[in-house]
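The values are calculated or read from the model by the stated rules, or taken from the named source; none is laboratory data. Note that the structure is predicted; figures quoted are calculated from it, not measured. Every residue, glycine among them, receives a Cβ derived from its backbone with ideal geometry; neighbour counts consider all protein chains shown.
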Amino acid sequence: MSIAPPLQTLPGSTAWPALAEGLEEVCAVGTRDMAGALVFALSRLPESDARPLLLAAGRRWSGEHGRPYGTGFRGAGLDGRGPGLILTEGRTEGELLWIMEQALRSGAVSAALATVEAASLAQTRRLEFAARDGAAVGVLLRQTEGGLSAARRRWRVTTLKSASNPDDLRAPGGFALAAELTRSRSERPGLWKLEQDDETHRLRLADRLAGDGLGERGRTGLAA
(Lines give C-alpha, C1' and ligand atoms only; values in the text may rest on other atoms or scores of the structure.)
Protein backbone atom coordinates (compact mmCIF):
# COMPACT_ATOMS: atom_id res chain seq x y z
CA MET A 1 0.00 0.00 0.00
CA SER A 2 1.52 3.27 -1.08
CA ILE A 3 0.78 6.34 1.02
CA ALA A 4 1.38 9.85 -0.25
CA PRO A 5 3.33 12.33 1.88
CA PRO A 6 1.21 14.13 4.49
CA LEU A 7 -0.38 17.38 3.44
CA GLN A 8 0.39 18.89 6.80
CA THR A 9 2.77 17.82 9.54
CA LEU A 10 4.51 19.53 12.39
CA PRO A 11 7.17 22.06 11.34
CA GLY A 12 10.46 20.29 10.70
CA SER A 13 8.96 16.84 11.12
CA THR A 14 9.80 13.84 9.01
CA ALA A 15 7.81 12.40 6.12
CA TRP A 16 5.18 9.81 7.05
CA PRO A 17 6.87 6.42 7.80
CA ALA A 18 4.15 4.22 6.31
CA LEU A 19 5.42 0.76 7.26
CA ALA A 20 6.59 -0.65 10.57
CA GLU A 21 10.14 -2.03 10.86
CA GLY A 22 11.86 -4.21 13.44
CA LEU A 23 10.50 -3.48 16.90
CA GLU A 24 8.11 -0.58 17.51
CA GLU A 25 6.06 0.64 20.46
CA VAL A 26 2.49 1.94 20.13
CA CYS A 27 1.16 3.74 23.21
CA ALA A 28 -2.55 4.47 23.68
CA VAL A 29 -3.08 7.82 25.39
CA GLY A 30 -6.06 6.48 27.34
CA THR A 31 -8.07 3.31 27.82
CA ARG A 32 -10.53 4.31 25.11
CA ASP A 33 -7.64 4.75 22.64
CA MET A 34 -6.36 1.16 22.84
CA ALA A 35 -8.58 -0.10 20.01
CA GLY A 36 -7.29 2.72 17.84
CA ALA A 37 -3.71 1.88 18.80
CA LEU A 38 -4.28 -1.73 17.73
CA VAL A 39 -5.81 -0.69 14.40
CA PHE A 40 -2.90 1.71 13.85
CA ALA A 41 -0.33 -1.02 14.52
CA LEU A 42 -2.07 -3.49 12.21
CA SER A 43 -2.51 -0.97 9.41
CA ARG A 44 1.24 -0.33 9.19
CA LEU A 45 2.19 -3.98 8.66
CA PRO A 46 3.34 -5.00 5.16
CA GLU A 47 0.42 -6.30 3.11
CA SER A 48 2.59 -8.51 0.90
CA ASP A 49 3.59 -10.87 3.75
CA ALA A 50 1.13 -13.80 3.86
CA ARG A 51 2.44 -15.24 7.13
CA PRO A 52 -0.05 -15.06 10.03
CA LEU A 53 -0.06 -12.45 12.78
CA LEU A 54 0.39 -13.29 16.44
CA LEU A 55 -1.19 -11.31 19.25
CA ALA A 56 -0.07 -12.17 22.78
CA ALA A 57 -2.48 -10.56 25.24
CA GLY A 58 -2.36 -10.52 29.02
CA ARG A 59 -5.40 -11.67 30.97
CA ARG A 60 -5.84 -8.26 32.56
CA TRP A 61 -5.62 -6.58 29.16
CA SER A 62 -8.23 -8.94 27.69
CA GLY A 63 -10.51 -8.33 30.64
CA GLU A 64 -10.26 -4.57 30.24
CA HIS A 65 -10.33 -4.25 26.44
CA GLY A 66 -11.95 -7.52 25.35
CA ARG A 67 -10.68 -10.18 22.98
CA PRO A 68 -10.06 -9.18 19.36
CA TYR A 69 -13.04 -9.69 17.06
CA GLY A 70 -12.36 -11.56 13.81
CA THR A 71 -14.82 -9.53 11.77
CA GLY A 72 -13.14 -6.38 13.02
CA PHE A 73 -9.79 -7.62 11.75
CA ARG A 74 -11.33 -8.23 8.34
CA GLY A 75 -12.74 -4.73 8.48
CA ALA A 76 -9.19 -3.43 8.98
CA GLY A 77 -8.21 -4.88 5.59
CA LEU A 78 -6.43 -7.94 6.97
CA ASP A 79 -8.74 -10.68 5.68
CA GLY A 80 -6.36 -11.77 2.93
CA ARG A 81 -3.40 -12.46 5.21
CA GLY A 82 -2.78 -16.21 4.87
CA PRO A 83 -3.86 -18.25 7.90
CA GLY A 84 -4.86 -15.03 9.66
CA LEU A 85 -4.50 -14.38 13.37
CA ILE A 86 -2.93 -16.46 16.12
CA LEU A 87 -4.25 -15.34 19.50
CA THR A 88 -2.49 -16.43 22.67
CA GLU A 89 -2.79 -15.38 26.30
CA GLY A 90 -0.13 -14.98 28.97
CA ARG A 91 -0.45 -14.84 32.74
CA THR A 92 2.52 -12.54 33.25
CA GLU A 93 4.40 -9.99 31.19
CA GLY A 94 7.41 -12.30 31.32
CA GLU A 95 5.36 -14.96 29.55
CA LEU A 96 4.17 -12.46 26.96
CA LEU A 97 7.71 -11.31 26.22
CA TRP A 98 8.88 -14.93 25.86
CA ILE A 99 6.00 -15.79 23.51
CA MET A 100 6.68 -12.71 21.40
CA GLU A 101 10.42 -13.35 21.18
CA GLN A 102 10.00 -17.01 20.20
CA ALA A 103 7.38 -16.17 17.58
CA LEU A 104 9.52 -13.44 16.01
CA ARG A 105 12.66 -15.56 15.91
CA SER A 106 10.85 -18.57 14.42
CA GLY A 107 10.17 -16.83 11.13
CA ALA A 108 6.68 -18.36 11.13
CA VAL A 109 4.83 -15.06 11.62
CA SER A 110 4.90 -11.78 9.75
CA ALA A 111 4.40 -9.84 12.98
CA ALA A 112 4.04 -10.43 16.70
CA LEU A 113 2.20 -7.98 18.94
CA ALA A 114 2.18 -8.15 22.73
CA THR A 115 0.39 -6.15 25.43
CA VAL A 116 3.41 -5.37 27.62
CA GLU A 117 3.74 -2.28 29.83
CA ALA A 118 7.14 -2.88 31.44
CA ALA A 119 9.96 -4.04 29.19
CA SER A 120 13.58 -3.29 30.02
CA LEU A 121 16.20 -2.09 27.55
CA ALA A 122 17.75 -5.57 27.52
CA GLN A 123 14.37 -7.20 26.84
CA THR A 124 13.57 -4.86 23.97
CA ARG A 125 17.01 -5.51 22.49
CA ARG A 126 16.25 -9.23 22.49
CA LEU A 127 12.96 -8.54 20.71
CA GLU A 128 14.67 -6.33 18.12
CA PHE A 129 17.24 -9.05 17.39
CA ALA A 130 14.48 -11.68 17.19
CA ALA A 131 12.51 -9.56 14.72
CA ARG A 132 15.62 -9.17 12.60
CA ASP A 133 16.37 -12.92 12.70
CA GLY A 134 12.82 -13.83 11.68
CA ALA A 135 12.37 -11.04 9.13
CA ALA A 136 9.27 -9.98 11.04
CA VAL A 137 7.82 -6.94 12.82
CA GLY A 138 7.36 -6.72 16.58
CA VAL A 139 4.95 -4.29 18.24
CA LEU A 140 4.56 -3.60 21.96
CA LEU A 141 1.06 -2.29 22.75
CA ARG A 142 1.16 -0.06 25.83
CA GLN A 143 -0.79 2.52 27.78
CA THR A 144 2.28 4.10 29.37
CA GLU A 145 5.40 5.40 27.71
CA GLY A 146 8.33 3.58 29.22
CA GLY A 147 11.95 4.62 29.59
CA LEU A 148 14.91 3.46 27.52
CA SER A 149 14.01 1.07 24.74
CA ALA A 150 15.62 -0.55 21.72
CA ALA A 151 12.44 -0.01 19.69
CA ARG A 152 13.04 1.76 16.41
CA ARG A 153 9.98 3.95 16.85
CA ARG A 154 7.61 4.92 19.63
CA TRP A 155 4.13 6.15 18.77
CA ARG A 156 1.42 7.88 20.81
CA VAL A 157 -2.09 7.28 19.45
CA THR A 158 -5.32 9.16 20.19
CA THR A 159 -8.72 8.43 18.67
CA LEU A 160 -10.53 11.38 17.12
CA LYS A 161 -14.06 12.34 16.21
CA SER A 162 -14.99 10.59 12.97
CA ALA A 163 -15.22 12.59 9.77
CA SER A 164 -18.61 13.51 8.32
CA ASN A 165 -20.38 10.98 6.13
CA PRO A 166 -20.79 12.47 2.63
CA ASP A 167 -23.83 10.29 1.94
CA ASP A 168 -25.65 10.96 5.22
CA LEU A 169 -24.72 13.94 7.37
CA ARG A 170 -26.53 12.36 10.33
CA ALA A 171 -24.40 9.21 10.18
CA PRO A 172 -20.83 8.86 11.48
CA GLY A 173 -18.02 8.84 8.97
CA GLY A 174 -14.85 6.82 8.87
CA PHE A 175 -12.69 5.98 11.86
CA ALA A 176 -10.02 8.62 12.57
CA LEU A 177 -7.03 8.96 14.88
CA ALA A 178 -3.96 11.08 15.56
CA ALA A 179 -0.57 9.37 15.53
CA GLU A 180 2.42 11.13 17.07
CA LEU A 181 5.94 9.84 16.52
CA THR A 182 7.63 10.68 19.82
CA ARG A 183 10.89 8.75 19.46
CA SER A 184 12.78 7.35 16.50
CA ARG A 185 16.28 6.23 15.68
CA SER A 186 16.42 8.00 12.34
CA GLU A 187 13.49 10.43 12.07
CA ARG A 188 12.31 13.64 13.66
CA PRO A 189 9.10 13.69 15.71
CA GLY A 190 5.90 14.19 13.76
CA LEU A 191 2.13 14.26 14.11
CA TRP A 192 -0.34 12.94 11.54
CA LYS A 193 -4.10 12.52 11.26
CA LEU A 194 -5.21 9.20 9.79
CA GLU A 195 -8.63 7.98 8.72
CA GLN A 196 -10.12 4.75 7.44
CA ASP A 197 -10.12 4.28 3.67
CA ASP A 198 -13.53 3.18 2.38
CA GLU A 199 -12.04 0.91 -0.29
CA THR A 200 -9.10 -0.77 1.44
CA HIS A 201 -10.51 -0.44 5.00
CA ARG A 202 -6.98 0.42 6.10
CA LEU A 203 -5.78 3.74 7.48
CA ARG A 204 -4.66 6.51 5.17
CA LEU A 205 -3.49 10.06 5.67
CA ALA A 206 -6.33 12.52 6.14
CA ASP A 207 -6.67 15.59 3.97
CA ARG A 208 -6.01 17.97 6.83
CA LEU A 209 -4.62 18.04 10.34
CA ALA A 210 -5.41 21.48 11.73
CA GLY A 211 -8.62 22.40 13.49
CA ASP A 212 -9.61 18.93 14.67
CA GLY A 213 -9.05 19.38 18.37
CA LEU A 214 -5.96 17.22 18.73
CA GLY A 215 -5.20 18.77 22.09
CA GLU A 216 -1.89 19.81 23.60
CA ARG A 217 1.15 17.84 22.52
CA GLY A 218 3.36 16.31 25.14
CA ARG A 219 7.12 16.48 25.16
CA THR A 220 8.81 14.59 22.36
CA GLY A 221 12.37 13.71 21.60
CA LEU A 222 14.64 11.48 19.60
CA ALA A 223 15.68 8.13 20.97
CA ALA A 224 19.16 7.94 22.37
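Conditions tested, residue by residue: (1) at pLDDT below 80; (2) of a type outside the set (Ser, Thr, Tyr); (3) within 21 Å of Leu45 (Cα to Cα).
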site	(1), (2), (3)
Gly146	yes, yes, no
Ser149	no, no, yes
Thr159	no, no, yes
Gly173	yes, yes, no
Thr182	no, no, yes
His201	yes, yes, yes
Arg208	yes, yes, no
Asp212	yes, yes, no
Gly221	yes, yes, no
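Filtered by the rule that a residue be modelled with pLDDT under 95 and surrounded by fewer than 18 Cβ atoms within 10 Å (Cβ to Cβ), the stretch 123-144 gives Gln143, Thr144.
Could you tell me whether the stretch 67-77 includes any residue that is in contact with a helix residue (DSSP H, G or I) (Cβ under 6 Å, 6 or more places away or on another chain) and at pLDDT below 90?
Pass one, the stretch 67-77, residues in contact with a helix residue (DSSP H, G or I) (Cβ under 6 Å, 6 or more places away or on another chain): 76.
Those still in the list that are at pLDDT below 90 too: 76.
The answer is yes; a qualifying residue exists.
Which of the residues spanning the stretch 29-54 are surrounded by 24 or more Cβ atoms within 10 Å (Cβ to Cβ) and not in a helix (DSSP H, G or I)? If the condition is that a residue be surrounded by 24 or more Cβ atoms within 10 Å (Cβ to Cβ) and not in a helix (DSSP H, G or I), then Arg44, Leu53, Leu54 are the ones that fit.
I'm trying to understand the selection: among the residues of the stretch 32-54, which are more than 14 Å from Val139 (Cβ to Cβ) and aliphatic (A, V, I, L, M)? Answer for the stretch 32-54, where residues must be more than 14 Å from Val139 (Cβ to Cβ) and aliphatic (A, V, I, L, M): Ala35, Ala50. Remark: pairs (first residue in the stretch 36-48, more than 16 Å from Leu160 (Cβ to Cβ); second residue assigned to a helix (DSSP H, G or I) and not small (Gly, Ala, Ser); Cβ separation under 9 Å; 6+ apart in sequence or on different chains) = Leu42/Phe73.
Counting only residues that are outside any strand (DSSP E or B) and either among the acidic types (Asp, Glu) or within 20 Å of Val29 (Cα to Cα) (or both), which one in the stretch 128-146 is nearest to the chain's Cα centre (by Cα)? Looking at residues that are outside any strand (DSSP E or B) and either among the acidic types (Asp, Glu) or within 20 Å of Val29 (Cα to Cα) (or both), I get Gln143.
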